[in-house]
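The values are calculated or read from the model by the stated rules, or taken from the named source; none is laboratory data. It should be emphasised that the depicted structure is a prediction, and the values quoted were computed from it without experimental measurement. Please note: Cβ atoms are built from the backbone with ideal geometry, for glycine as well, and neighbour counts cover all protein chains shown. In case anyone asks, the SASA skips ligands and DNA or RNA and just uses the protein heavy atoms, side chains included. Shrake-Rupley method; radii C 1.70, N 1.55, O 1.52, S 1.80 Å.
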Amino acid sequence: MKTYTKSEFRKVLETKLMNKRTATLEESTDNDIFYAICSILKDEINQAGVDTRHHNIEAKRRQINYLSMEFLIGRLIESNLLNAGLLDVCNEVLTELGRDPKKIYSEENDAGLGNGGLGRLAACFLDSIASLGYMGNGFGIRYRYGLFEQRIVNGTQIELPDNWLQEVYPWETRRIEEAVPVNFGGQVTSEVLEDGNLKFTYSNQETVLAVPYDVGVVGYDNDNVNQLRLWSAELPHDTIDHGDNKNRLEHMQSVERISGFLYPDDSTEEGRFLRLKQQYFLVSSTIQTLINQFKERYQLPVTDFHKYHCIQINDTHPTFGIPELMRILMDEEGLGWDDAWHITTHTFAYTNHTIMQEALEKWPVYQVQNVNPRIFMIINEINERFCKSVYEAHPEMRDKIGDLAVISNNVVHMSKLAIVGSFSVNGVAALHSEIIKDYTFNDFYKLTPEKFNNKTNGITHRRWLMTSNPELSNLISDTIGNNWVKHPQELTQLMHYYNDDAFLDRLAEVKLHNKKALKEVIYNKTGIEVDEHSVFDVQVKRLHEYKRQLLNLLRIIYLYNEIKRKPSIKIQPITFIFGAKAAPGYHIAKEVIKLIHAVANVVNNDTDVDNRIKVVFLENYNVTLAEDIMPAAEISEQISTASMEASGTGNMKMMMNGAITLGTMDGANVEIAELVGKENIFIFGLSSEEVINYQLNGGYRAEDIYKTDSRVKNAMDALINEQFGRNYAFNDLYYHVLTNNDPYFLLKDFNSYVDIHLTAMATYQDKRKWNQMSLTNIMKSGQFSSDRTIQQYATDIWKLN
Ligand code: 26Q
C-alpha cells in the first residue's frame, strides 16, 4: 500500500475533505475528518483488495472460508490505519492540525454484530488470517441492528436498538450484482429419471434476495486484503404481490426482518423460527457464491471443490451449510450422493465453543422442515446413512446409536450433524478439547478419534496491544525493538529486564497512565470518582451464571461487612469494575446487574468504607469500551465454574496488558497458569474434574455449607436482610442459589475465593514483585496472539501451507 509523508497525507486529506465533504480543513468537523480519512483508506484498501483477488485467482490458491453468525469487529479505523501503515502519519498530521486523533476515531460506530467471545474471536481471526497472508474470507450477516445497546436506569438494564447504520458505514461496499436468491419453505417432489436417479423439484418456495456488503480486511504490512462479506436480505425486485402496495410493503418488511437483528442470546436455546431462517440465509447465500466463484474463477470441475476450499463453521450456527452443499452438488450440479458426501465431508470443519447442554443447539424437526424441506430431507438421509454405518461397521457401538443419531425425539441435534459432516472437530482450549473427547462427544470420539483436535483461542495483539495500549507497545519496542510485532512470541525477550528496576518503574508508570485514563472514562460515564492508586480489579464479559459475577459480589459483600465490623481494619484500596450485558430474557442475569448497582450504591457512599472500596458498573460493555479497560486492568477476574468456560479470551487480553489473572483452573486459564507459572497467577476453587464428578453424582449439598459456614451465610443473608435493598429485593437470587442446589458451586468455592483475594492483595503491597509478575504475564502473552492460533488452523486443519 502507498506510504505517505506528512505533507502528502495532509494534502490528500484536504482534497478528500473538499471533494467528499465540501469543507476546508479549518471548517471541517471531527465527523468530516473521520469520513475523509476513511475515504483515503478505502481507496488504498480497494486497490489492494483487487490486486489480492487477482493474484489469488491466478495462483488458484486454496482458501479458508470462515462462516459465523457473529463478527464483533468493533471500530475499524485505527486497526485499518495501523495495518495499512498509516497510523503514525495520520496521528501526527492530526495532532499538528490541532485535532485530537482519539476524538476523531471515536466518530465511528462500533459494528456490534456479535454477542461476545465467539463473535470477537471471529474478528480476531480475520485480522490474523489477513496479516499472515492467507486467502481467507469471512461470511456473516449484516444485521440492521446489532447487539442491543445497554442502558442502566435505576440500576436496571434497559435494552435499546443498536442503530449502527444510522450514519453511512464507511467500510462497506454494496455489491448488488453479486446478489443470490435464497429459497425458503415450499414443497419438494421427486421423480425417477431414466438413469434411475431421483430428480427433486421444489415448488411454492419463497425467494429472498441475499445482497452482499463487502468489508475489506487489511493484513498488517503485507498488502493482503481479504473480504468480510455480510449478507443483507431484500425482497427480489420481480416479486409479484397479488394485492395492493400495503401488502407489498408488509411483504418487504417480513423479508428484511431476516437480517433485521442479532439474537441477543448466548445462554439459552431460543426456539425462534427467525433465528433458524437467519442461519439458512447465511449458509445458502455463502455456499452458492463459493460454488459459482469456484467454477467461474478457477475453471475446474466442481468435484475438485474440496481441494481448494475449507469451510470453518463457528459453532453449530452455520451447520446447515453441510446439507446445503449436498443439495447444490446433487440437485444443481447433478452429482450422486457418494460423490457429494465425499466433497462435503472433506470441506467442512467445526469448532465447538460450549459443552453446556442447554447451549447445544437443538431444533424441532417441523421447524427445520418449514425453513427448507429439501434441507430436512438431506439431514434425514445423512442421519439414516450414518446410523446404518455405525450399525454395520461398529457392532460394539450398536446400543449407542440412539445417542449418536443426528435426529432423535423429533429434534435435530446440530452438533451431531456438524460432527458427522466435518473432517475436523476442535475445541477452543486444551482443557475444553479434552472434555469434549472424554464427555460431551465421547461416543463420536470413539468412532472417529482422528477428527478431534484442539486449537487454543487467541486475540490479535495488533488491536489488543498496539492500538489500544500504545504506551505499553512503545515501551516494549523501545526496550527490545519491534521484532515482536510480526513475531509476538518474541515478547519473551522482555525477560532480560526482569530485574531491571528502571524498566519495572516505567512499566508501572504506563499502568498508572492507563488507569488515570480509565478513571476519566469512569467519571464521565458514571460520575463516580475512583482512586487511581487503588487496585483495578476487573470482571468484564457477558452476564452468565456460570461466569459467576455473583460470586464476585458475594466476596465484595464479605469485604464490606468486614469493614463494617471493624472500620479501622487495614485494607488495600480496591476499585471493582464490572461490565456485562444480560440477555433480555435472562431474569437471573438481570437480577445480578441490579445487585451490582445496589452494592455499589451502599459501598460507594458508606463513610465507614471511606472510599477504600469502590464498585463501578460501566454500561454498554462493547469492543470500544474494552479497549479502554484492558490496558488499565491489574486483576483479571476469570472465575467461571471449572469446566464451564470453553476458553475465555478476555483473560488473554488482560494478560497481554499486564494484569494478573485471578481465576479457576478453567478454559484457557489453565494454559495461562502453565505458561506464567504458579507464582504469577492466583488460582482458586474446585478443579474441572471435581466439578464434573459432583455433577455426575447429583451435585453437592449447598444447604450444608450455608448452614455451617458463617462467612458464607453472612454473605448470602445480605441478599435477604435488606442490607442492599428493601422489600426483599434480592430474594430471587438467594432462593435461586439455594433451592437449585447451587449448580455453579458458588458456595463451594466461596472460601477459597476470599482467601486467594487476600493473598493477591498482600502480594500487591510489594510493588516490585507485582511489576515482575505483570511483566511475566506480558512477556508470555505472545502465545495467545491469534497469529499463533491461525497458524495452527492453517497448518493442521485448513492445509493452506
Ligand atoms: C444459539 C441458538 C440460538 C440463539 C443464540 C445462540 C447462541 C449465540 C451465541 C449460542 C452461543 C453464542 C455464543 C457463544 C460464545 O460466545 N461462546 C464463547 O466463545 C468464546 C470463543 O471461543 C470462548 O472463549 C468462550 O469461553 C465461550 O463462552
Check: Just a yes or no: is a residue in the range 178-191 in a strand (DSSP E or B), within 16 Å of the ligand (Cβ to nearest atom), open to solvent by 30 Å² or more (accessible area, probe 1.4 Å) and not aromatic (Phe, Trp, Tyr)?
Finding: no
Across the range 95-120, the tally of residues that are among the basic types (Lys, Arg) and within 16 Å of the ligand (Cβ to nearest atom) stands at 1
Of Asn383, Asn372, the only residue that is of a type outside the set (Asp, Glu), open to solvent by 10 Å² or more (accessible area, probe 1.4 Å) and within 14 Å of Val412 (Cα to Cα) is Asn383
Expected single match for within 16 Å of the ligand (Cβ to nearest atom), of a type in the set (Phe, Trp, Tyr) and in contact (Cβ under 8 Å) with a residue 12 or more places away in the chain among Phe139, Phe71 is Phe71
Condition set assigned to a helix (DSSP H, G or I) and open to solvent by less than 10 Å² (accessible area, probe 1.4 Å), scope the range 714-736, selection farthest from Ile571 (Cα to Cα): answer is Leu733
Could you tell me whether Tyr753 is open to solvent by less than 20 Å² (accessible area, probe 1.4 Å), of a type in the set (Ser, Thr, Tyr), over 25 Å from the mean Cα position of the chain (by Cα) and modelled with pLDDT of 95 or more? yes
- Query: Can you find even one residue in the range 150-159 that is within 16 Å of the ligand (Cβ to nearest atom) and within 30 Å of His587 (Cβ to Cβ)?
  - Reply: yes
Of the residues in the range 488-502, those that are without any contact (Cβ under 8 Å) to a residue 60 or more places away in the chain and surrounded by 14 or more Cβ atoms within 10 Å (Cβ to Cβ) number 1
Output for Cβ contacts, cut-off 6 Å, separation at least six or different chains, first residue at pLDDT 90 or above in the range 260-275, second more than 8 Å from the ligand (Cβ to nearest atom), reads Gly260/Arg144; Phe261/Tyr143; Phe261/Tyr145; Leu262/Tyr143; Leu262/Gly146; Leu262/Leu147
The helices (runs of 4 or more DSSP H) lying entirely within the range 1-110 that contain at least 3 residues which are open to solvent by less than 60 Å² (accessible area, probe 1.4 Å) and in contact with a strand residue (DSSP E or B) (Cβ under 6 Å, 6 or more places away or on another chain) are 30-58, 77-84
The one condition Tyr350 fails out of (1) more than 14 Å from the ligand (Cβ to nearest atom); (2) closer than 30 Å to Leu431 by Cβ is (1)
Within the range 407-418, restricting to residues that are outside any strand (DSSP E or B) and farther than 16 Å from Leu67 by Cβ, the one that is least open to solvent (accessible area, probe 1.4 Å) is Lys416
Checked the range 103-149 for anything under 21 Å from Thr173 (Cα atoms) and acidic (Asp, Glu); matches are Glu107, Glu108, Asp110, Asp127
Filtering the range 169-190 down to residues that are under 22 Å from Tyr213 (Cα atoms) and among the β-branched types (Val, Ile, Thr) yields Thr173, Ile176, Val180, Val182
* To do: Taking Asn115 as the residue in question, decide whether it is open to solvent by less than 40 Å² (accessible area, probe 1.4 Å) and closer than 16 Å to Arg463 by Cβ.
  => no
Tell me, yes or no, whether the range 533-544 has at least one residue that is more than 25 Å from the chain's Cα centre (by Cα), open to solvent by 40 Å² or more (accessible area, probe 1.4 Å) and either at pLDDT 95 or above or closer than 18 Å to Ile635 by Cβ (or both). yes
Exception for Pro212 within (1) open to solvent by 40 Å² or more (accessible area, probe 1.4 Å); (2) part of a strand (DSSP E or B) falls at (1)
All-but-one check, Ala359 against (1) of a type in the set (Gly, Ala, Ser); (2) within 14 Å of the ligand (Cβ to nearest atom); (3) open to solvent by less than 10 Å² (accessible area, probe 1.4 Å), failing number (3)
The range 426-538: helices (runs of 4 or more DSSP H) wholly inside it with 1 or more residues that are within 16 Å of the ligand (Cβ to nearest atom) are 430-435
Here the qualifying pairs (Cβ atoms under 9 Å; residues six or more apart or on different chains; first in the range 780-798 and outside any helix (DSSP H, G or I); second among the small types (Gly, Ala, Ser)) come out as Ser785/Ser128; Ser785/Gly458
Check: Any residue at all in the range 314-329 that is under 30 Å from Glu58 (Cα atoms), without any contact (Cβ under 8 Å) to a residue 40 or more places away in the chain and either touching a helix residue (DSSP H, G or I) at 6+ places or on another chain (Cβ under 6 Å) or more than 12 Å from the ligand (Cβ to nearest atom) (or both)?
Finding: yes
When restricted to Gln367, Gln288, the only residue within 16 Å of the ligand (Cβ to nearest atom), touching a residue at least 40 places away in the same chain (Cβ under 8 Å) and either part of a loop (DSSP other than H, G, I, E, B) or not acidic (Asp, Glu) (or both) is Gln367
Among the residues that make up the range 370-389, is at least one of them touching a strand residue (DSSP E or B) at 6+ places or on another chain (Cβ under 8 Å), in a helix (DSSP H, G or I), away from the ligand (no atom under 16 Å from the Cβ) and aliphatic (A, V, I, L, M)? yes
Checked pairs for the range 170-181, first farther than 19 Å from Lys42 by Cα, second part of a helix (DSSP H, G or I) and open to solvent by 60 Å² or more (accessible area, probe 1.4 Å), C-beta under 8 Å and 6 or more apart or across chains, list as Val180/Asn292
Can you find a residue in the range 246-266 that is outside any helix (DSSP H, G or I), out of contact with any Lys or Arg (no Cβ under 8 Å at 6 or more places or on another chain) and either within 22 Å of Leu165 (Cβ to Cβ) or open to solvent by 10 Å² or more (accessible area, probe 1.4 Å) (or both)? yes
Within the range 737-769, the count of residues that are over 27 Å from Lys570 (Cβ atoms) and free of Cβ contacts under 8 Å to residues at least 60 places away in the same chain comes to 6
